[in-house]
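The values are calculated or read from the model by the stated rules, or taken from the named source; none is laboratory data. Since the structure is predicted, the reported quantities are computational estimates derived from the model, not experimental observations. Cβ coordinates were reconstructed from backbone atoms using ideal geometry, including for glycine residues, and neighbour counts include every protein chain displayed. Surface areas here come from the heavy atoms of the whole protein model, side chains and all, with no ligands, DNA or RNA. Shrake-Rupley method; radii C 1.70, N 1.55, O 1.52, S 1.80 Å.
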Amino acid sequence: CDFGLPPEGTQQARMASENQVRRILLVHDDPTVVSDVRNLLSSLRSPRHIIAHYQHLIDGLTYLMVNPVDLILVGPKPADVDQLTAVQKISAIHPEIPLISLIDRQNPDLAQKLHKKGSFECLYLNDMHNGLWTRTFKFCLRESVLKRELASATARMDWMTNTDSLTGLLNRKGVERATLDRLLEARESGSELHIMLVDLDEFTRINSTLGHGVGDLVLMAAGRRITELVSENDHVGRVGTDRFIVVIKDSDEENADHLAEKIRLAISRDVIQAGDLSLTTTASL
């Protein structure tokens with residue numbers, strides 16, 4: 001795509017533009033349309049377009065598993081499914097790749113349906129000219145970059161909102177959300193849900209006598225030991241100065257008691273190094 005280039009008009013910008021390669025996947029059954037698309041894109045001076053063509057959607061999806069592409073074009077007649085289904089499946093599996101639907105002629109109703117299924121834009125096969133296709137490609141690529149940046153910013157904001165900065169575990173708000181989600185799942189499936197409170201013993205004394213820096217080491221060590229013992233379906237969070245919550249999914253009471261004992265022993269056996277000082281702590285559950 002065209003981002004990050006020096007200002008237009010400079011020799012450096014022209015050289016960078018001429019060396020660009022845009023990788024395109026085209027899914028369509030009609031060889032005449034494929035030939036027309038190839039001819040149009042080959043006539044563009046820059047960037048150079050490399051087209052991978054497949055008649056069947058399943059083959060195109062297989063190609064995407066091992067080959068990166070910049071744009072996906074879906075024609076009106078894939079060989080194995082209708083166009084709406086093809087657009088929906090591709091956009092669901094690869095939402096990060098801009099997808100453009102090719103339709104025979106201007107059809108607002110069809111274009112709206114394709115947009116709802118995940119198509120970024122539509123191009124008309126009865127109106128194929130360089131300027132329109134070039135502008136549409138650039139627009140879709142810019143739109144894709146903006147969507148990725150927005151998703152990344154949203155993910156970072158979500159992490160900051162729901163994560164304890166010291167231990168990297170869920171914070172109180174994150175634990176509340178995870179617990180409500182697990183509670184809903186347990187009610188729907190009829191399964192059991194167990195919640196464990198882990199309280200470090202005499203942590204206030206550690207902070208007051210050895211300092212908050214040593215206290216932080218104790219908290220991080222306890223968080224690691226708990227996380228090492230739970231399954232990937234369980235949630236661990238820090239909900240107070242020295243308190244942790246474990247939300248245990250799909251476990252009966254006996255297994256939950258067994259896990260609690262393993263966590264208690266792991267914390268009590270952990271030796272924490274703070275400079276020349278070695279210390280241990282215990283926990284109540």
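The number of residues in region 32-73 being among the acidic types (Asp, Glu) and within 29 Å of the chain's Cα centre (by Cα) comes to 2.
Within region 93-110, restricting attention to residues that are outside any loop (DSSP other than H, G, I, E, B) and open to solvent by less than 80 Å² (accessible area, probe 1.4 Å), the residue that is nearest to Thr134 (Cα to Cα) is Ile100. Of all the criteria given as (1) open to solvent by 50 Å² or more (accessible area, probe 1.4 Å); (2) among the hydroxyl-bearing types (Ser, Thr, Tyr); (3) in contact (Cβ under 8 Å) with a residue 24 or more places away in the chain; (4) closer than 19 Å to Leu166 by Cβ, the one not satisfied by Ser284 is (4). Scanning region 159-182 for residues that are open to solvent by 60 Å² or more (accessible area, probe 1.4 Å) and over 16 Å from Arg238 (Cα atoms) returns Leu180, Asp181.
Scanning region 183-197 for residues that are open to solvent by less than 30 Å² (accessible area, probe 1.4 Å) and touching a helix residue (DSSP H, G or I) at 6+ places or on another chain (Cβ under 7 Å) returns a single hit, Met196. Out of all the residues in region 55-66, is one or more touching a strand residue (DSSP E or B) at 6+ places or on another chain (Cβ under 7 Å), β-branched (Val, Ile, Thr) and without any contact (Cβ under 8 Å) to a residue 60 or more places away in the chain? Within region 55-66, none of the residues are touching a strand residue (DSSP E or B) at 6+ places or on another chain (Cβ under 7 Å), β-branched (Val, Ile, Thr) and without any contact (Cβ under 8 Å) to a residue 60 or more places away in the chain. Listed conditions (1) without any contact (Cβ under 8 Å) to a residue 24 or more places away in the chain; (2) open to solvent by 50 Å² or more (accessible area, probe 1.4 Å); (3) under 21 Å from Leu166 (Cα atoms) are all met by Gly211, apart from (2). On the stretch given as region 239-273, residues that are among the polar types (S, T, N, Q) and either loosely packed, with under 12 Cβ neighbours inside 10 Å or under 28 Å from Thr204 (Cβ atoms) (or both) total 3. For region 45-83, give me each residue that is in a loop (DSSP other than H, G, I, E, B), within 23 Å of Met128 (Cβ to Cβ) and open to solvent by 70 Å² or more (accessible area, probe 1.4 Å). The answer is Arg45, Gln55, Lys77, Asp82. Of the residues making up region 111-126, those that are open to solvent by 30 Å² or more (accessible area, probe 1.4 Å), without any contact (Cβ under 8 Å) to a residue 12 or more places away in the chain and either farther than 14 Å from Pro98 by Cβ or in contact with an Asp or Glu (Cβ under 7 Å, 6 or more places away or on another chain) (or both) number 2. Each residue in region 131-154 was checked for being more than 27 Å from Asp82 (Cα to Cα), open to solvent by less than 60 Å² (accessible area, probe 1.4 Å) and touching a residue at least 24 places away in the same chain (Cβ under 8 Å), and 1 pass.
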